[in-house]
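Below is one structure, written out as structure tokens; comments come after it.
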Amino acid sequence: MRKTSDCSDRTSCSSRILVVLTLLVAGLFLVVPVTAHSPSDIAINYDPVTEKLSVTVTHMVGDPATHYVNKVQVKHNGRVISDPDYKSQPTKDTFTYTYDLKASPPDVFWVLTTCSRGGTLEKKYEIPYPVAATTLPLPVAEIPAETPAPTQQSPVGLLALLGAAAVIMLKKG
């Protein structure tokens, strides 16, 4: 017959419970930050020829139907011009909304984005004054496209590993 531990020693049981609770709390801190985060970037551009404002939002998610940017508020010179509530985001990472409107220097746009699970990001854009033409053309520098930093994610197996360690600790005692 196998002998089972009955926790006759209170100190031994207390230390086991403390180890298990510590592992569970540590696992909770590893998982919770992954579930909610602000959009990571907002790019704003105004085209005076087409009179369109483009707002490009970067918010990397696993499922844009359950974790998404639910609000993109746009202000033009302090006046709200758009403030819809969204029920999903168009893609898992980067998407663009456009707005038809007339604007000119020194107009200012403010864009505030909100994640459905918490977190906001705000950005300001001032329409630049036209640059005076020069007699000699200036060389155009190539700017590499920015790649958004990957979202930090908790490895799926880490939580299972912590649970297995807790079970082993309980059985050894």
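Every number here is computed from the coordinates shown, using simple stated rules; none is lab data. No experiment lies behind these values; they were computed from the predicted model shown. Cβ coordinates were reconstructed from backbone atoms using ideal geometry, including for glycine residues, and neighbour counts include every protein chain displayed.
Partners of residue 92 within straight-line reach, counting lysines whose Cα lies under 23 Å from its Cα and excluding those fewer than 8 residues away in the same chain: 71, 123.
R0 = 22 Å: FRET efficiency of residue 65 with residue 112, Cβ-based, nearest 0.05? Efficiency at R0 = 22 Å is approximately 0.45. Subtracting the Cα-Cα distance of residue 17 and residue 100 from 0.36 nm times their residue separation leaves 23.8 nm of extension gain.
What the Cβ-Cβ distance of residue 120 and residue 51 gives, at R0 = 41 Å and to the nearest 0.05, is a FRET efficiency of 0.90.
Distance between the modelled labels on residue 129 and residue 86, one decimal in nanometres: 3.5 nm (7 Å Cα→Cβ projection).
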